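The numbers here are math on the coordinates, done by the rules we state, and not lab data. Here the structure is a predicted model, which means the values were calculated and not measured. Because the Cβ atoms are built from the backbone with ideal geometry, glycine has one as well, and the counts that use them run over all protein chains shown.
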């Protein structure tokens, strides 16, 4: 039985772990919350309390990685106000443990924010130019992991994450003077995030970089207005006084190399 370790069993990592268990894998999962250890254990996941910092890694990281072949890193950078953590240092501190372990393949959950705010069609061939601190640190972390020859790394750059309990329209509802009404959306449903990760593992698709965004890009105004109506929320109001700027992110490699078919291609129908 192949063992997989998931660093970060949060909104995506926990249901991903459950899906992997359903596929017959053994799963080690990490959390920073003592209270969540029982949640992982009751789900059949081997629980580990692990906290990353800029100076050290707390917890039984050796046991967490022991006998695992694949590591999935799903720990996003944390931004608070104008301050930021050194996310690159946090991941750099974990690498020596990975090098000494049985891990030989790694999936890093990154973001399309590495491309920055551009008015263009973007593919994996597009040179990243991040313009946010989060995007800059994610790109540097990607490069750090990809340059390591001790394991094969696949980068997975997700668009905006949505699911049954998570949707940006809830934060936009009732707001006024929103920018970029005609800019395209670049979102992906949680179910497709999990499906793509499973397909990468199934196909042994390593040393790759994939954009992962639902291949439907209606305008922000059209999409969020219809979602607000469907969810009975106050309508967001957009400002049309300035031209809209926004990128369209292509996920062609997911569909061609992985031969993956999106399960949620029509995001209008999702909560």
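For residue 124, are the conditions met, namely being in contact (Cβ under 8 Å) with a residue 40 or more places away in the chain and over 30 Å from residue 66 (Cβ atoms)? In short, yes.
Residue selection: residue 235 satisfies the criterion of being touching a residue at least 60 places away in the same chain (Cβ under 8 Å) and part of a loop (DSSP other than H, G, I, E, B).
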